[in-house]
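Asker: Right, I'll just put the structure down here and ask away after.
The values are calculated or read from the model by the stated rules, or taken from the named source; none is laboratory data. Keep in mind the model is a prediction, meaning the values are calculated, not measured. Reconstructed Cβ throughout: ideal geometry from the backbone, glycine too, with neighbour counts over all protein chains shown.
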Amino acid sequence: MNKSKFRILIGIAAVAVFTCLAFPHIARAYQKRCVAHHFREFARIRETFNDFDPSFTDKLVGIRNSDDKLKYHLERLVDWGALKHKTFVFTDIPYTSESFHRIWQRALVVLPEPVEMRGNWYDEGQPEYGEAPIILDVWCAPHELKQWSQFVESENVGT
């Protein structure tokens, strides 16, 4: 093997080794930047919720209002693994404004504050859930999800 071919092979090997060593660090840095961007944008939209005006690119991806934009950033944060999303159904507690308020307030007192929490209830026409149960949609840090599950399990007792 002549010297020029050997130098080319050494150069290719050096580039391959550098790429293999640097890629995980580059990928991690890119992920951190993306997560930070989506958290920043989520906070910005939340602060200016009523003043949000979707851009042309927002409209291209189906974002029509501020709620769509919030959901978009929440979905990206879930995709990146920065948040977990879970829908909790309180099957044993029928919806009343009192029961909903009690569960909501208790969650805010005993659990770490989620990034986003939304409450609703299912229509009575959905027999798989019984009589209009309360639902909570929660987006939280991955390490907090177990606490939320335990909370729902302990609170989901008929009164």
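Asker: Could you check how many residues of region 104-120 are hydrophobic (A, V, I, L, M, F, W, C), touching a residue at least 12 places away in the same chain (Cβ under 8 Å) and out of contact with any Gly (no Cβ under 8 Å at 6 or more places or on another chain)?
Answerer: Step one: list which residues in region 104-120 are hydrophobic (A, V, I, L, M, F, W, C), which gives 104, 107-111, 115, 117.
Checking the rest, the ones that are also touching a residue at least 12 places away in the same chain (Cβ under 8 Å) come to 104, 107, 110-111, 115, 117.
Cutting the leftovers down to out of contact with any Gly (no Cβ under 8 Å at 6 or more places or on another chain) gives us 107, 110-111, 115, 117.
Of the residues in that region, 5 qualify.
Asker: Okay, moving on. Kindly indicate the residue of region 1-36 that is closer than 27 Å to ASP79 by Cα and of a type in the set (S, T, N, Q) and also surrounded by the fewest Cβ atoms within 10 Å (Cβ to Cβ) among those meeting that condition.
Answerer: Taking region 1-36 first, the residues closer than 27 Å to ASP79 by Cα are 19-36.
If we keep only those that are of a type in the set (S, T, N, Q) too, we end up with 19, 31.
On the way: THR19: 10, GLN31: 13.
This residue is THR19.
Asker: Can I ask one more? Test of understanding: among PHE39, PHE52, which residue is crowded, with 18+ Cβ neighbours inside 10 Å and either out of contact with any strand residue (DSSP E or B) (no Cβ under 6 Å at 6 or more places or on another chain) or touching a residue at least 12 places away in the same chain (Cβ under 8 Å) (or both)?
Answerer: Numbers: PHE39 fails: crowded, with 18+ Cβ neighbours inside 10 Å.
Going through PHE39, PHE52 in turn, just one is crowded, with 18+ Cβ neighbours inside 10 Å and either out of contact with any strand residue (DSSP E or B) (no Cβ under 6 Å at 6 or more places or on another chain) or touching a residue at least 12 places away in the same chain (Cβ under 8 Å) (or both): PHE52.
Asker: In region 122-156, how many are over 22 Å from GLU75 (Cα atoms) and either at pLDDT below 70 or in contact with a Lys or Arg (Cβ under 6 Å, 6 or more places away or on another chain) (or both)? Even if it seems obvious, please write down each step before you answer.
Answerer: Keep residues of region 122-156 that are over 22 Å from GLU75 (Cα atoms), which gives 122-134, 150-156.
Okay, now just the ones that are also either at pLDDT below 70 or in contact with a Lys or Arg (Cβ under 6 Å, 6 or more places away or on another chain) (or both), so 122-131.
Total satisfying the criteria: 10.
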